[in-house]
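The structure appears right after this line, and notes come after that.
The values are calculated or read from the model by the stated rules, or taken from the named source; none is laboratory data. Source: prediction; values computed, not measured. Here Cβ is always computed from backbone atoms with ideal geometry, including for glycine, and neighbour counts include all displayed protein chains.
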Amino acid sequence: GRDVSIDDLFIHASISKTVVAVSTMMLVERGLLDLDDDVSDYLDYTVRAPKYPDVPITTRMLMSHVSSISDDYYNKIYPLYAKEGDPDVTMGDFCEMLFSDKSKFQYSGKEPATTYDYSNMGATLVGCVCEKVARAADLISENEVFDDLARSLVFQPLGVGL
(Lines give C-alpha, C1' and ligand atoms only; values in the text may rest on other atoms or scores of the structure.)
Protein backbone atom coordinates (compact mmCIF):
# COMPACT_ATOMS: atom_id res chain seq x y z
CA GLY A 1 0.00 0.00 0.00
CA ARG A 2 0.86 3.63 -0.38
CA ASP A 3 -0.65 6.91 0.71
CA VAL A 4 -3.24 8.49 -1.56
CA SER A 5 -2.15 11.72 -3.20
CA ILE A 6 -4.09 14.60 -4.71
CA ASP A 7 -3.11 13.29 -8.16
CA ASP A 8 -4.69 9.85 -7.67
CA LEU A 9 -7.77 9.25 -9.80
CA PHE A 10 -10.83 7.33 -8.69
CA ILE A 11 -13.91 6.17 -10.54
CA HIS A 12 -16.64 8.27 -8.96
CA ALA A 13 -19.72 6.78 -10.65
CA SER A 14 -23.01 7.61 -8.98
CA ILE A 15 -21.52 9.30 -5.91
CA SER A 16 -21.64 12.48 -7.99
CA LYS A 17 -25.45 12.30 -7.80
CA THR A 18 -25.15 12.77 -4.04
CA VAL A 19 -23.08 15.92 -4.58
CA VAL A 20 -25.64 17.18 -7.12
CA ALA A 21 -28.49 16.46 -4.69
CA VAL A 22 -26.79 18.22 -1.76
CA SER A 23 -25.93 21.24 -3.94
CA THR A 24 -29.49 21.36 -5.25
CA MET A 25 -31.02 21.25 -1.80
CA MET A 26 -28.69 23.99 -0.59
CA LEU A 27 -29.97 26.19 -3.43
CA VAL A 28 -33.53 25.26 -2.43
CA GLU A 29 -32.76 26.10 1.20
CA ARG A 30 -31.52 29.55 0.12
CA GLY A 31 -34.75 30.14 -1.80
CA LEU A 32 -32.98 30.22 -5.17
CA LEU A 33 -34.53 27.07 -6.63
CA ASP A 34 -37.97 25.48 -6.32
CA LEU A 35 -38.10 21.73 -6.87
CA ASP A 36 -41.52 22.00 -8.50
CA ASP A 37 -40.71 24.74 -11.02
CA ASP A 38 -40.34 23.87 -14.67
CA VAL A 39 -36.59 23.38 -15.26
CA SER A 40 -37.01 25.29 -18.51
CA ASP A 41 -37.57 28.41 -16.38
CA TYR A 42 -33.95 28.17 -15.28
CA LEU A 43 -32.38 27.22 -18.61
CA ASP A 44 -31.96 28.96 -21.96
CA TYR A 45 -33.97 26.26 -23.72
CA THR A 46 -37.14 24.26 -23.20
CA VAL A 47 -37.01 20.73 -21.82
CA ARG A 48 -40.08 18.70 -22.80
CA ALA A 49 -40.91 15.09 -23.51
CA PRO A 50 -41.91 15.17 -27.20
CA LYS A 51 -45.14 13.21 -26.68
CA TYR A 52 -46.11 15.44 -23.73
CA PRO A 53 -45.14 18.99 -24.70
CA ASP A 54 -47.56 20.56 -22.20
CA VAL A 55 -46.15 18.70 -19.19
CA PRO A 56 -43.32 20.61 -17.50
CA ILE A 57 -40.34 18.64 -16.27
CA THR A 58 -39.31 19.67 -12.76
CA THR A 59 -36.18 19.29 -10.69
CA ARG A 60 -38.15 17.02 -8.34
CA MET A 61 -38.99 14.72 -11.27
CA LEU A 62 -35.36 14.67 -12.37
CA MET A 63 -34.09 13.89 -8.87
CA SER A 64 -36.74 11.18 -8.43
CA HIS A 65 -35.96 9.58 -11.81
CA VAL A 66 -39.53 10.04 -13.10
CA SER A 67 -38.88 12.77 -15.69
CA SER A 68 -39.20 10.45 -18.73
CA ILE A 69 -35.57 11.20 -19.58
CA SER A 70 -33.90 7.98 -20.60
CA ASP A 71 -30.22 7.10 -20.82
CA ASP A 72 -30.73 5.04 -23.99
CA TYR A 73 -29.73 7.75 -26.47
CA TYR A 74 -26.87 8.94 -24.27
CA ASN A 75 -25.55 5.39 -24.06
CA LYS A 76 -25.43 5.31 -27.87
CA ILE A 77 -23.59 8.61 -28.27
CA TYR A 78 -21.35 8.26 -25.21
CA PRO A 79 -18.49 6.70 -27.19
CA LEU A 80 -18.41 9.82 -29.36
CA TYR A 81 -17.69 12.02 -26.33
CA ALA A 82 -15.84 9.68 -23.98
CA LYS A 83 -12.13 10.26 -23.88
CA GLU A 84 -9.36 10.46 -21.37
CA GLY A 85 -8.92 13.84 -19.76
CA ASP A 86 -11.19 16.84 -19.59
CA PRO A 87 -14.11 17.01 -22.05
CA ASP A 88 -14.10 19.40 -24.99
CA VAL A 89 -17.71 20.43 -24.34
CA THR A 90 -19.12 22.02 -21.19
CA MET A 91 -21.80 20.24 -19.19
CA GLY A 92 -24.19 23.08 -20.05
CA ASP A 93 -23.59 22.76 -23.80
CA PHE A 94 -23.86 18.98 -23.56
CA CYS A 95 -27.21 19.25 -21.76
CA GLU A 96 -28.53 21.77 -24.26
CA MET A 97 -27.54 19.47 -27.12
CA LEU A 98 -29.34 16.52 -25.51
CA PHE A 99 -32.44 18.14 -24.05
CA SER A 100 -33.40 21.13 -26.15
CA ASP A 101 -35.57 21.00 -29.24
CA LYS A 102 -32.43 19.97 -31.11
CA SER A 103 -32.81 16.44 -29.74
CA LYS A 104 -35.97 14.42 -29.31
CA PHE A 105 -34.24 11.09 -28.73
CA GLN A 106 -33.47 11.44 -25.04
CA TYR A 107 -36.96 10.59 -23.77
CA SER A 108 -38.60 7.25 -22.93
CA GLY A 109 -42.01 8.01 -24.43
CA LYS A 110 -43.67 7.82 -21.00
CA GLU A 111 -45.50 10.78 -19.51
CA PRO A 112 -43.31 12.66 -17.01
CA ALA A 113 -44.03 11.86 -13.34
CA THR A 114 -45.64 8.50 -14.12
CA THR A 115 -42.83 5.96 -14.46
CA TYR A 116 -39.55 5.39 -12.64
CA ASP A 117 -36.60 5.11 -15.04
CA TYR A 118 -33.16 5.55 -13.47
CA SER A 119 -31.55 8.40 -15.36
CA ASN A 120 -27.92 9.45 -15.22
CA MET A 121 -28.69 12.16 -17.74
CA GLY A 122 -31.53 13.50 -15.59
CA ALA A 123 -29.03 14.00 -12.78
CA THR A 124 -26.68 15.74 -15.21
CA LEU A 125 -29.50 18.08 -16.18
CA VAL A 126 -30.04 18.91 -12.49
CA GLY A 127 -26.37 19.90 -12.37
CA CYS A 128 -26.95 22.20 -15.35
CA VAL A 129 -29.91 23.79 -13.57
CA CYS A 130 -27.75 24.32 -10.47
CA GLU A 131 -25.05 26.00 -12.58
CA LYS A 132 -27.57 28.42 -14.10
CA VAL A 133 -29.20 29.22 -10.75
CA ALA A 134 -25.83 29.74 -9.08
CA ARG A 135 -24.65 32.09 -11.83
CA ALA A 136 -27.86 34.12 -11.62
CA ALA A 137 -27.35 34.45 -7.85
CA ASP A 138 -23.65 35.33 -8.26
CA LEU A 139 -22.59 32.24 -6.32
CA ILE A 140 -20.29 31.38 -9.23
CA SER A 141 -19.03 33.51 -12.09
CA GLU A 142 -19.96 33.09 -15.74
CA ASN A 143 -16.78 31.12 -16.42
CA GLU A 144 -17.15 28.82 -13.42
CA VAL A 145 -18.90 25.46 -13.59
CA PHE A 146 -20.76 23.03 -11.35
CA ASP A 147 -17.47 21.74 -9.90
CA ASP A 148 -16.79 25.23 -8.53
CA LEU A 149 -20.28 25.43 -7.06
CA ALA A 150 -19.94 22.02 -5.38
CA ARG A 151 -16.54 23.02 -4.03
CA SER A 152 -17.94 26.16 -2.38
CA LEU A 153 -21.31 24.76 -1.21
CA VAL A 154 -20.36 21.23 -0.20
CA PHE A 155 -16.68 20.40 -0.01
CA GLN A 156 -15.12 23.53 1.53
CA PRO A 157 -17.65 23.73 4.38
CA LEU A 158 -16.90 20.06 5.13
CA GLY A 159 -13.16 20.71 5.10
CA VAL A 160 -12.61 18.48 2.09
CA GLY A 161 -9.82 19.96 0.00
CA LEU A 162 -10.39 19.74 -3.74
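Tell me which residues, restricted to region 133-150, are assigned to a helix (DSSP H, G or I) and surrounded by fewer than 17 Cβ atoms within 10 Å (Cβ to Cβ). Explain how you work it out, then say what you get.
Restricting attention to region 133-150, the residues satisfying the condition of being assigned to a helix (DSSP H, G or I) are 133-136, 146-150.
Answer for region 133-150, where residues must be assigned to a helix (DSSP H, G or I) and surrounded by fewer than 17 Cβ atoms within 10 Å (Cβ to Cβ): Ala136, Asp147, Asp148.
Go through (1) over 13 Å from Leu125 (Cα atoms); (2) modelled with pLDDT under 85 for Gly31 and report which single condition fails.
Evaluating Gly31 over (1) over 13 Å from Leu125 (Cα atoms); (2) modelled with pLDDT under 85 leaves (2) as the failure.
Of all residues in region 31-43, which are under 20 Å from Leu98 (Cα atoms) and touching a residue at least 60 places away in the same chain (Cβ under 8 Å)?
Val39, Tyr42, Leu43
When Val129 is evaluated against the numbered criteria (1) in a helix (DSSP H, G or I); (2) at pLDDT below 95, which criterion, by number, is the only one it fails?
For Val129, the failing item is (2).
Out of the residues in region 49-105 that are assigned to a loop (DSSP other than H, G, I, E, B), touching an Asp or Glu at 6+ places or on another chain (Cβ under 9 Å) and of a type in the set (Lys, Arg), which is modelled with the lowest pLDDT?
Lys102
Is it true that some residue in region 46-55 is under 15 Å from Ala123 (Cα atoms) and touching a strand residue (DSSP E or B) at 6+ places or on another chain (Cβ under 6 Å)? Full working, then the answer.
Kept after step one, since they are under 15 Å from Ala123 (Cα atoms), are these residues of region 46-55: 47.
Next, only the ones that are touching a strand residue (DSSP E or B) at 6+ places or on another chain (Cβ under 6 Å) stay: none.
The answer is no; no qualifying residue exists.
Tell me, please, whether a residue that is under 14 Å from the mean Cα position of the chain (by Cα), outside any loop (DSSP other than H, G, I, E, B) and closer than 18 Å to Val133 by Cα can be found in region 31-45.
yes
Restricting attention to region 2-22, and to residues there that are under 23 Å from Ala113 (Cβ atoms) and of a type outside the set (Val, Ile, Thr), which single residue is surrounded by the most Cβ atoms within 10 Å (Cβ to Cβ)?
Lys17
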